[in-house]
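See below for the structure under consideration.
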Amino acid sequence: MPFSAPPPASGERYALSASLDNARHLSSLLRAVHFQDHATCLATASGLRVTVEDAKCIQANAFIQAEIFQEFSVQEESVMFRISLSVLLDCLTIFGTSSLPGTSTALRMCYRGYGYPLMLFLEEGGVVTVCKINTQEPDELLDFDFCSTKVVNKIILQSEGLREAFAELDMTSEVLQITMSPDKPYFRLSTFGNAGSAHLDYPRDSDLMEAFHCTQTQTNRYKISLLKPSTKALALSCKVSIRTDAQGFLSLQYMIRNEDGQICFVEYYCCPDENISEAEL
Amino acid sequence: LSRIGDELYLEPTEGGLSLRAVNSSRSAFASFLFAPLFFQLYEPGSTGPDTELFRCKVHMKSFLGIFRSLPSLEKSVGKCLILLKPRASRLVLQLHCKYGVTKTHNLAFQECERLQAVFDTQRCASRLCAPARVLAEAVVHFPLTLAEVTLGTGPGGKIGLRNYVEEEAGESCRSPPKPPSAGSPPGPPHPPLCPQGLLSFAEASNLPLTIHFDEPGRPVIFTLDDTVLEVHLVLATLSDLESNSQSPSTNGVSHLPAPSDDFPDDLESYMVAMETSEAGLEGPPSPTFPLRTPRPAKSQPEEKEEEEEEEEEEGAVPGTPPHKKFRSLFFGSVMTPGRPDPATSQEVLAEDSDGES
């Protein structure tokens, strides 16, 4: 049930103001990128982008388009601030995380601008909670310079096939090795752990494979600890696109359908591990 | 098998693939022999007149890790291929899953000697055969923290299972209504152990369980037989409750070739205690193994039966509740000659008319 917050006393308008009937549409997506405490929020006319980074090697972005919101307005061209993602999530889920059918938390979000806290008004069952979260100077974000023209290999898979694999990754392995090739093994995930090596092969004609565009055989290794958080996004998603460029940078894009059937995206970018040695097959 | 030992021994033979485990004190041994018919394809490998088939052992945890999630395995895995590659030093397990996905695990293995317990079911004086359910029902009434039970045969073909509570004479006695085939006249009671895991496996696979037993001190052998599977569980038993008898340890589990220091020549008595609990227990001191009895829905090809077994060193569990005092003496290095035999504090169920000495 949407409700509106009182306009700012001075009469000026909020830099960012948004309303959402069901806060879960936002909180579930934010959880999929919550592997660090802080996030950078960027609001533009197209919607909200929340970015989390780690070790200068990995970046995750959650996109919530303006259309998802019942109301979304951004005054300037863009509004950007840094905020504690942990606190934001705690506030969004202040009425609890269990989703009873029929009940949802309504959200109104207001941000007056640089230096001001982010205001959240949350309502469920007639109870209103007001949260004020301090914002900080936004960090400079990594630019992976990943555009579709530079993509060497691309695969789109149904998430169902990868979910279990990611959840069961051998975490004693330091790296996750991804092999993409126009020839066998087509798409292979490998780990090298204490017990030995494990390889997961997906053939190009598998029912899970929605698109297979591999031009070159590439084998890249990524730190498994950095990629493991993407399992959350994978769990929410229905499809995932896996792309690599000439330098071995990895782009994972997850298509997530929310409770109302609307589509949102989460993407992960990861640098290849520097200590690349001969792949153990 | 994971309940018994940390290592899984794989031994391909002409008669099938044998998976074995032994515990660290060599007082428990189990083997599962899968006949060639069990498999879609079974190639033990070529052997010359002088060479034996290759054997290896792998870490139990690594092996089990591959079969971690049974429900999802049932749903998604079509077939499993096991290859032993001696030259590459790898045991390859390849799971062919749905959607054409292939999971290949390359496990490191160690070469090993043949693991074989010395036992002979024919030499056992008594034999008890019962559906696993009957035996499971019998033990379910014992307290969860029970260390061991005593299996005794009585006149009229009655079978009794008794336990001890604290050091009192408190006993709960169970007589399964029908001992379908007790193969010998009643003998003196002795405490073997009720392997919970084996019972669950037997129940799930609907196979009757046969217990071969003999005098106290001689190992007790549990067997399950099927057209494609043969299971043996050999457990050492407490030799004599009363006296510090010098039971020769020839009937124990041996490792061929057996280094003799592994084996207690001068052991007075040895006993392996087992928890009879059905539920997983975190609390009770169980330094060797946690207790769990996951129940398999059906007999799985690679499924290892779980057995619960607890071995304790006297000194290793200072917090042991008193009623466990009498339990668990290891043979070999653990046992110190001068130590009073805790077994003497235990009330004897029925005295041996001619005590073993």
Task: Spatial separation of Cα centroids for the stretch A:32-82 and the stretch B:90-134, in angstrom - done: 53
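Note down the net charge around A:Met119, summing +1 for each Lys or Arg and -1 for each Asp or Glu among other residues with Cβ under 11 Å from its Cβ. Walk me through the intermediate numbers first.
On the way: positive: A:Arg108, A:Arg112, A:Lys132; negative: none.
So the surrounding residues net to +3.
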Task: Cβ-Cβ FRET estimate between A:Ile263 and B:Glu14, R0 fixed at 60 Å, reported to 0.05 - done: 0.50
- [ ] Evaluate the Debye formula for chain A with equal point scatterers sitting on the alpha carbons, no solvent, and hand back log10 of I(q)/I(0) at q = 0.14 Å⁻¹, in q order, two decimals.
- [x] -1.00
Open item on the list: Can you bin every Cα-Cα distance in the stretch B:1-132 into 10 Å intervals starting at zero and give me the percent of pairs per bin, rounded to whole numbers?
Closed with: 11, 35, 36, 15, 3, 0
Open item on the list: Give me the dipole magnitude in Debye, nearest 20, for the stretch A:151-270 about the Cα centre, with unit charges on the beta carbon: positive for Lys and Arg, negative for Asp and Glu.
Closed with: 300
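For A:Glu140 and A:Thr231 in one chain, what is 0.36 nm times their gap in residues minus the Cα-Cα distance, to one decimal in nm?
Numbers: separation 91, 0.36 × 91 = 32.76 nm, distance 2.56 nm.
That works out to 30.2 nm of additional length.
Would you mind giving the mean number of other chain beta-carbons within 10 Å of the Cβ of each residue in A:198-205, as a whole number? Present the calculation step by step, with values, prior to reporting the outcome.
Working: counts 8, 6, 7, 7, 5, 4, 1, 2.
Going residue by residue through A:198-205 and averaging, the value is 5.
For the pair B:Cys129 and A:Glu274, what calculated FRET efficiency results from E = 1/(1 + (r/R0)^6), where r is the Cβ-Cβ distance and R0 = 56 Å, to the nearest 0.05? Display every interim value, and only then the final one.
Details: r = 64 Å, r/R0 = 1.14.
Calculated value: 0.30.
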Open item on the list: Whole angstrom only: what separates the Cα centroid of the stretch A:114-161 from the Cα centroid of the stretch B:1-26?
Closed with: 52
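Quick check for me: using +1 on Lys/Arg Cβ and -1 on Asp/Glu Cβ, what's the dipole size of the stretch A:16-136 about its Cα centre, in debye to the nearest 20?
The calculation lands at about 180 debye.
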Task: Rounded FRET efficiency, nearest 0.05, which uses the C-beta distance separating B:Asp120 from A:Met255 and R0 of 56 Å - done: 0.30
Task: Spacing of the two label points (7 Å from each Cα toward its C-beta) at A:Ala45 and A:Thr129, in nm - done: 3.5
TODO: Run through all the Cα pairs of the stretch A:16-136 and give the fraction in each 10 Å bin from 0, expressed as whole percent.
DONE: 14, 48, 32, 6, 0
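Might you report the magnitude of the Cβ-based charge dipole of chain A about its Cα centre, with Lys and Arg at +1 and Asp and Glu at -1, to the nearest 20 debye? Mind showing how you got there, number by number?
Working: 22 positive and 35 negative charges, 54 e Å.
Approximately 260 debye in magnitude.
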Task: Per-residue ³J(HN,Hα) for the stretch B:58-68, Karplus 6.51 cos²θ - 1.76 cosθ + 1.60, θ = phi - 60°, Hz, x for Gly and Pro - done: 10, 5, 4, 4, 5, 5, 5, x, 6, 10, 3
- [ ] Could I have the simple spin-label model distance between A:Asp54 and A:Ala66, label points 7 Å from Cα toward Cβ, reported in nm to one decimal?
- [x] 3.3
Open item on the list: Give me the net charge for the shell around A:Asp37: Cβ to Cβ below 13 angstrom, other residues only, Lys and Arg +1, Asp and Glu -1.
Closed with: -3
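In terms of the Cα gyration tensor, with a ≥ b ≥ c the square roots of its eigenvalues, is the stretch A:106-158 rounded because a/c is under 1.5, prolate because a/b exceeds b/c, or oblate? Write down the numbers at each step before the final one.
Working: a/c = 5.22, a/b = 1.83, b/c = 2.85.
Here the stretch A:106-158 falls in the oblate category.
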TODO: Provide, for the stretch A:151-270, the number of lysine pairs with alpha carbons under 21 Å apart, each pair being eight or more places apart or on different chains.
DONE: 6
Task: Value at 222 nm in deg cm²/dmol, rounded to 500, when DSSP H runs of n ≥ 4 in chain A each add -39,500 (n - 2.57) - done: -3500 deg cm²/dmol
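If you average 1/r over all unlike Cα pairs in the stretch A:173-281 and invert the result, what Kirkwood radius do you get in angstrom?
On the way: mean 1/r = 0.0675 Å⁻¹.
One decimal place: 14.8 Å for the Kirkwood radius.
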Task: GNM flexibility winner over chain A from A:Ala39, A:Ala165, A:Ala15 (Cα, springs under 10 Å) - done: A:Ala165
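Read-outs throughout are calculated quantities, based only on the coordinates presented, and are distinct from any laboratory measurement. Note that the structure is a prediction, hence the values are computed from the model and not measured. Cβ coordinates were reconstructed from backbone atoms using ideal geometry, including for glycine residues, and neighbour counts include every protein chain displayed.
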